[in-house]
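**Student:** First, the structure itself, so that you have it in front of you.
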Amino acid sequence: MSLQNRSSKTRQRTILLVIIMVLIVTIVAVLAAVLLANGTKETSMQLLQWKGRGTTKNLQEVILGRCYNYITTVNPELRDKDCQNIWETMQKAFIYKNPCNITTEDYQPLLDLASHPIPCNKSLFWSKTSDLVHRYTKTNHHFLTLEDTLLGYMADGVSWCGNPSSPGINYESCPKWSECESNPSSVYWKMASKMFAEAACGVVQVMLNGSIEAGAFRSNSIFGSVEIFNLDPDKVSTVQIWLMQNIGGPASESCTGRSITRLKSILEERNLRVSCEDNYRPVQLLQCASDPDHADCRLCTNNVQ
């Protein structure tokens, strides 16, 4: 065999070996990329675990639907509000974020978009009377609770939170208020409550539960820790307390009770005038509509006559 032929075959073998090596390296690289992608996908799908219920299903549709309903039927004066922008701004406040690290700065753009004036003498605050107070505002449109504003209406009964990894929203669980203070719902409602209190003017009302053994006024409630300290004495003339007891009791506290006395003291120290009425009659009549034959309701009827 000539030297030229041997050299040619050597080159061919070398080229073949190079091609095989390139193929092997390519295959290894592809396999590594696939494994890395799968690993990243599995990691990205890991959700933080919490004790509260997860984000409400179809959250976007729920928020948008409520927003459009509010500005078209509940309060048409707000028809110029941009619901799509409101939703997108709300989503940016929590998506892909650790739900225990939410700040007031996250929500401020949303509050700026969705806030609106509250007429004087219409603000109605509440604590531990959720069902009763909202039944009352549905029958008496002279008063507004936070949940009757756009911010409250959109988020009432809804839960939501983000997750640092994909898909950015946790539909399985969200932090309870007790797990971390700076969770999406807690920060949202505290900010909305603060804004609602700051907007109050004239005579304002608060409905409290006189059938709670621990006391009608609780300093750690949203009303006791946020709202009363954001009422403006220059705008609010009087705070009227409606202390409602359940039909049939127990009558755990009256307007002269310990926690109500403490509440009066706090408000008076802030230069706010205070009045209190046990079982405010229009609300008690609403309670009696659910149990008209109860002895308390017969007495209530006799008082009206």
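**Student:** From the list Ser219, Ser237, Ser259, which residue is of a type outside the set (Phe, Trp, Tyr) and within 20 Å of Leu132 (Cβ to Cβ)?
**Tutor:** Of Ser219, Ser237, Ser259, the one residue that is of a type outside the set (Phe, Trp, Tyr) and within 20 Å of Leu132 (Cβ to Cβ) is Ser259.
**Student:** Another question about this same structure. Could you go through region 176-183 and let me know if any residue there is open to solvent by 10 Å² or more (accessible area, probe 1.4 Å), acidic (Asp, Glu) and in a loop (DSSP other than H, G, I, E, B).
**Tutor:** yes
**Student:** Here's something else I'd like to know. Just the residues that are surrounded by 20 or more Cβ atoms within 10 Å (Cβ to Cβ) and not in a loop (DSSP other than H, G, I, E, B), please, taken from region 148-168.
**Tutor:** Asp148, Leu150, Leu151, Met154, Ala155, Gly162
**Student:** Considering only region 175-191, I want to know if a residue exists there that is closer than 21 Å to Tyr68 by Cα, touching a residue at least 24 places away in the same chain (Cβ under 8 Å) and within 14 Å of the chain's Cα centre (by Cα).
**Tutor:** yes
**Student:** Another question, if that's okay. With the condition kept exactly as written, say whether any residue in region 66-85 is in contact with a strand residue (DSSP E or B) (Cβ under 9 Å, 6 or more places away or on another chain), of a type in the set (S, T, N, Q) and buried (at least 16 other Cβ atoms within 10 Å of the Cβ).
**Tutor:** Taking every residue of region 66-85 in turn, none turns out to be in contact with a strand residue (DSSP E or B) (Cβ under 9 Å, 6 or more places away or on another chain), of a type in the set (S, T, N, Q) and buried (at least 16 other Cβ atoms within 10 Å of the Cβ).
The values are calculated or read from the model by the stated rules, or taken from the named source; none is laboratory data. As the structure is a computational prediction, the values presented were derived from the model and not from experiment. A quick note on method: Cβ atoms are made from the backbone with ideal geometry, for glycine too, and the neighbour counts reach across all protein chains shown. Accessible surface is based on the protein model in full, side chains and every heavy atom, while ligands, DNA and RNA are left aside. Shrake-Rupley method; radii C 1.70, N 1.55, O 1.52, S 1.80 Å.
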